[in-house]
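Since the structure comes first, as C-alpha coordinates, the remarks are kept for the end.
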Amino acid sequence: MTYRLGLTGSIGMGKSTTAAMFRDLGHPVWDADAVVHDLYAPGGAAVGPVGAAFPEALRDGGIDRAALKQALAADPGALARLEALVHPLVARDRQAFVARHADRPLVVLDIPLLFESAAPPDLDGVAVVSTDADTQAARVLSRPGMTPETLRMILARQMPDVEKRRRADWIIPTDTPEAARAAVARIVKEVTAHA
(Lines give C-alpha, C1' and ligand atoms only; values in the text may rest on other atoms or scores of the structure.)
Protein backbone atom coordinates (compact mmCIF):
# COMPACT_ATOMS: atom_id res chain seq x y z
CA MET A 1 0.00 0.00 0.00
CA THR A 2 1.33 3.41 -0.98
CA TYR A 3 1.81 5.93 1.83
CA ARG A 4 0.46 9.34 0.76
CA LEU A 5 2.51 12.05 2.46
CA GLY A 6 1.29 15.63 2.23
CA LEU A 7 4.11 18.18 2.14
CA THR A 8 3.20 21.75 2.98
CA GLY A 9 4.51 24.96 4.51
CA SER A 10 4.14 28.70 4.26
CA ILE A 11 5.85 30.84 1.64
CA GLY A 12 9.64 30.95 1.93
CA MET A 13 9.89 27.92 4.20
CA GLY A 14 11.81 25.78 1.69
CA LYS A 15 9.11 23.43 0.47
CA SER A 16 10.32 23.16 -3.13
CA THR A 17 13.87 22.39 -2.00
CA THR A 18 12.55 19.80 0.44
CA ALA A 19 10.33 18.20 -2.21
CA ALA A 20 13.43 17.79 -4.38
CA MET A 21 15.11 15.92 -1.50
CA PHE A 22 12.30 13.34 -1.51
CA ARG A 23 12.59 13.10 -5.30
CA ASP A 24 16.36 12.62 -5.04
CA LEU A 25 15.71 9.63 -2.78
CA GLY A 26 13.57 8.10 -5.54
CA HIS A 27 10.11 8.97 -4.24
CA PRO A 28 7.56 10.39 -6.71
CA VAL A 29 6.50 13.98 -5.95
CA TRP A 30 3.25 15.53 -7.18
CA ASP A 31 3.42 19.34 -7.33
CA ALA A 32 0.08 21.17 -7.01
CA ASP A 33 1.51 24.46 -8.29
CA ALA A 34 2.97 22.79 -11.40
CA VAL A 35 -0.36 21.11 -12.10
CA VAL A 36 -2.23 24.42 -11.93
CA HIS A 37 0.40 25.97 -14.23
CA ASP A 38 -0.22 23.17 -16.76
CA LEU A 39 -3.99 23.51 -16.44
CA TYR A 40 -3.71 27.24 -17.26
CA ALA A 41 -1.27 26.78 -20.17
CA PRO A 42 -2.55 26.76 -23.77
CA GLY A 43 -4.41 23.49 -24.25
CA GLY A 44 -4.79 22.98 -20.49
CA ALA A 45 -8.03 21.56 -19.13
CA ALA A 46 -8.82 24.71 -17.11
CA VAL A 47 -8.46 27.17 -20.01
CA GLY A 48 -12.01 26.66 -21.31
CA PRO A 49 -13.96 26.92 -18.06
CA VAL A 50 -11.74 29.59 -16.46
CA GLY A 51 -11.63 31.59 -19.70
CA ALA A 52 -15.45 31.49 -19.87
CA ALA A 53 -15.80 32.65 -16.26
CA PHE A 54 -12.98 35.24 -16.44
CA PRO A 55 -12.65 36.28 -20.12
CA GLU A 56 -10.28 39.12 -19.19
CA ALA A 57 -7.73 36.49 -18.09
CA LEU A 58 -7.73 34.63 -21.43
CA ARG A 59 -4.58 35.46 -23.42
CA ASP A 60 -2.97 33.63 -26.34
CA GLY A 61 -4.94 30.45 -25.73
CA GLY A 62 -4.06 30.23 -22.04
CA ILE A 63 -4.89 31.87 -18.73
CA ASP A 64 -2.78 34.89 -17.83
CA ARG A 65 -2.21 34.54 -14.09
CA ALA A 66 -1.56 38.26 -13.54
CA ALA A 67 -4.83 39.19 -15.27
CA LEU A 68 -6.65 36.48 -13.32
CA LYS A 69 -5.20 37.85 -10.07
CA GLN A 70 -6.57 41.30 -10.95
CA ALA A 71 -10.00 39.83 -11.69
CA LEU A 72 -9.99 38.04 -8.34
CA ALA A 73 -8.97 41.22 -6.49
CA ALA A 74 -11.87 43.14 -8.07
CA ASP A 75 -14.58 40.66 -7.06
CA PRO A 76 -14.87 39.20 -3.52
CA GLY A 77 -16.83 36.15 -4.75
CA ALA A 78 -14.52 35.37 -7.66
CA LEU A 79 -12.08 33.16 -5.76
CA ALA A 80 -14.80 30.72 -4.72
CA ARG A 81 -16.01 30.51 -8.34
CA LEU A 82 -12.47 29.91 -9.58
CA GLU A 83 -11.82 27.21 -6.99
CA ALA A 84 -15.06 25.43 -7.94
CA LEU A 85 -13.74 25.22 -11.51
CA VAL A 86 -10.10 24.36 -10.84
CA HIS A 87 -10.09 22.21 -7.68
CA PRO A 88 -11.87 19.23 -9.28
CA LEU A 89 -9.32 19.24 -12.13
CA VAL A 90 -6.44 19.37 -9.66
CA ALA A 91 -7.97 16.57 -7.57
CA ARG A 92 -8.39 14.39 -10.66
CA ASP A 93 -4.73 14.90 -11.60
CA ARG A 94 -3.61 14.09 -8.04
CA GLN A 95 -5.69 10.90 -7.96
CA ALA A 96 -4.27 9.80 -11.31
CA PHE A 97 -0.74 10.45 -10.02
CA VAL A 98 -1.30 8.31 -6.91
CA ALA A 99 -2.84 5.55 -9.04
CA ARG A 100 0.14 5.61 -11.45
CA HIS A 101 2.50 5.10 -8.50
CA ALA A 102 0.43 2.55 -6.58
CA ASP A 103 3.39 0.15 -6.59
CA ARG A 104 5.59 2.63 -4.70
CA PRO A 105 5.92 2.62 -0.90
CA LEU A 106 5.73 6.44 -0.67
CA VAL A 107 4.39 9.28 -2.78
CA VAL A 108 4.77 12.92 -1.77
CA LEU A 109 1.97 15.38 -2.51
CA ASP A 110 3.39 18.91 -2.50
CA ILE A 111 0.39 21.11 -1.62
CA PRO A 112 1.20 24.69 -0.53
CA LEU A 113 -2.23 25.51 0.95
CA LEU A 114 -3.00 22.05 2.30
CA PHE A 115 -4.34 23.17 5.68
CA GLU A 116 -6.10 26.19 4.17
CA SER A 117 -7.99 24.02 1.67
CA ALA A 118 -11.74 23.61 2.16
CA ALA A 119 -11.50 20.01 0.91
CA PRO A 120 -8.07 18.60 1.78
CA PRO A 121 -7.11 15.36 0.04
CA ASP A 122 -7.08 11.98 1.76
CA LEU A 123 -3.57 11.61 3.19
CA ASP A 124 -1.79 9.18 5.48
CA GLY A 125 0.38 11.85 7.08
CA VAL A 126 1.56 15.46 6.73
CA ALA A 127 5.04 16.96 6.91
CA VAL A 128 5.43 20.72 7.37
CA VAL A 129 8.57 22.59 6.35
CA SER A 130 9.48 25.37 8.75
CA THR A 131 12.15 27.87 9.68
CA ASP A 132 12.28 31.04 11.77
CA ALA A 133 10.44 34.19 10.65
CA ASP A 134 13.63 36.15 9.87
CA THR A 135 14.98 33.44 7.57
CA GLN A 136 11.57 33.11 5.93
CA ALA A 137 11.35 36.86 5.28
CA ALA A 138 14.91 37.03 3.92
CA ARG A 139 14.20 34.17 1.49
CA VAL A 140 10.96 35.69 0.23
CA LEU A 141 12.26 39.25 -0.05
CA SER A 142 15.18 38.05 -2.16
CA ARG A 143 12.69 37.07 -4.89
CA PRO A 144 12.29 39.49 -7.82
CA GLY A 145 9.47 41.99 -7.32
CA MET A 146 8.71 40.92 -3.75
CA THR A 147 8.09 43.65 -1.17
CA PRO A 148 7.50 43.54 2.60
CA GLU A 149 3.90 44.64 1.98
CA THR A 150 3.28 41.81 -0.49
CA LEU A 151 4.80 39.31 1.94
CA ARG A 152 2.53 40.56 4.75
CA MET A 153 -0.48 40.21 2.45
CA ILE A 154 0.47 36.62 1.50
CA LEU A 155 1.10 35.61 5.11
CA ALA A 156 -2.27 37.07 6.14
CA ARG A 157 -3.96 34.54 3.80
CA GLN A 158 -1.93 31.59 5.09
CA MET A 159 -2.41 29.67 8.31
CA PRO A 160 0.28 30.74 10.84
CA ASP A 161 3.36 28.51 10.87
CA VAL A 162 2.86 27.67 14.55
CA GLU A 163 -0.58 26.22 13.76
CA LYS A 164 0.74 24.24 10.78
CA ARG A 165 3.46 22.79 12.99
CA ARG A 166 0.84 21.84 15.59
CA ARG A 167 -1.22 19.94 13.01
CA ALA A 168 1.71 18.17 11.34
CA ASP A 169 2.81 14.59 11.84
CA TRP A 170 6.39 15.65 11.08
CA ILE A 171 8.20 18.99 11.08
CA ILE A 172 11.08 19.42 8.65
CA PRO A 173 13.44 22.19 9.81
CA THR A 174 14.84 24.00 6.79
CA ASP A 175 17.30 26.27 8.61
CA THR A 176 20.08 24.35 6.83
CA PRO A 177 20.02 21.87 3.94
CA GLU A 178 21.64 19.29 6.23
CA ALA A 179 18.85 19.56 8.83
CA ALA A 180 16.19 19.24 6.15
CA ARG A 181 17.91 16.25 4.51
CA ALA A 182 18.22 14.48 7.86
CA ALA A 183 14.51 15.03 8.60
CA VAL A 184 13.50 13.81 5.13
CA ALA A 185 15.63 10.68 5.54
CA ARG A 186 14.03 10.03 8.95
CA ILE A 187 10.50 10.36 7.53
CA VAL A 188 11.30 8.06 4.60
CA LYS A 189 12.77 5.48 6.97
CA GLU A 190 9.75 5.57 9.29
CA VAL A 191 7.22 5.38 6.46
CA THR A 192 8.90 2.74 4.33
CA ALA A 193 9.71 0.51 7.34
CA HIS A 194 6.01 -0.35 7.46
CA ALA A 195 5.56 -0.77 3.70
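The values are calculated or read from the model by the stated rules, or taken from the named source; none is laboratory data. Only a predicted model underlies this, so the values are computations on that prediction, with no experimental measurement involved. Positions of Cβ are generated from backbone atoms using ideal geometry, with glycine treated the same way; all protein chains shown enter the neighbour counts. With ligands, DNA and RNA removed, areas are computed over all heavy atoms of the protein, side chains included. Shrake-Rupley method; radii C 1.70, N 1.55, O 1.52, S 1.80 Å.
Condition first: closer than 15 Å to Leu89 by Cα and part of a loop (DSSP other than H, G, I, E, B). Now tell me which residues in region 22-48 satisfy that.
Hits for region 22-48 are Ala41, Gly43, Gly44, Ala45, Ala46.
Quick one: which helices (runs of 4 or more DSSP H) sit completely within region 113-195 and have at least 3 residues that are crowded, with 16+ Cβ neighbours inside 10 Å?
Of the helices (runs of 4 or more DSSP H) lying wholly inside region 113-195, those with at least 3 residues that are crowded, with 16+ Cβ neighbours inside 10 Å span 133-141, 177-193.
Among Asp60, Asp33, Asp64, which is loosely packed, with under 15 Cβ neighbours inside 10 Å and closer than 26 Å to Arg152 by Cα?
Of Asp60, Asp33, Asp64, the one residue that is loosely packed, with under 15 Cβ neighbours inside 10 Å and closer than 26 Å to Arg152 by Cα is Asp33.
Does Lys69 meet the test of being among the basic types (Lys, Arg), surrounded by 13 or more Cβ atoms within 10 Å (Cβ to Cβ) and closer than 30 Å to Asp132 by Cβ?
no
Are any residues in region 72-86 open to solvent by less than 70 Å² (accessible area, probe 1.4 Å) and not in a helix (DSSP H, G or I), and if so, which ones?
Correct list: Asp75, Gly77.
Residue-wise test of (1) among the aliphatic types (A, V, I, L, M); (2) free of Cβ contacts under 8 Å to residues at least 40 places away in the same chain; (3) more than 18 Å from Gly6 (Cα to Cα).
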| residue | (1), (2), (3) |
| --- | --- |
| Glu116 | no, no, no |
| Leu123 | yes, no, no |
| Ala133 | yes, yes, yes |
| Gln136 | no, no, yes |
| Arg139 | no, no, yes |
| Asp161 | no, no, no |
| Arg166 | no, yes, no |
| Asp175 | no, no, yes |
| Val188 | yes, no, no |
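Pairs, please: C-beta under 6 Å, at least 6 apart or cross-chain, first residue without any contact (Cβ under 8 Å) to a residue 60 or more places away in the chain and in region 1-26, second of a type in the set (S, T, N, Q) and part of a loop (DSSP other than H, G, I, E, B)?
Note: no pairs meet the criteria.
(1) of a type outside the set (Phe, Trp, Tyr); (2) open to solvent by 60 Å² or more (accessible area, probe 1.4 Å); (3) in contact with a Leu (Cβ under 7 Å, 6 or more places away or on another chain); (4) not in a loop (DSSP other than H, G, I, E, B): which one isn't true of Gly51, the others all being true?
(2) is the only condition that Gly51 fails.
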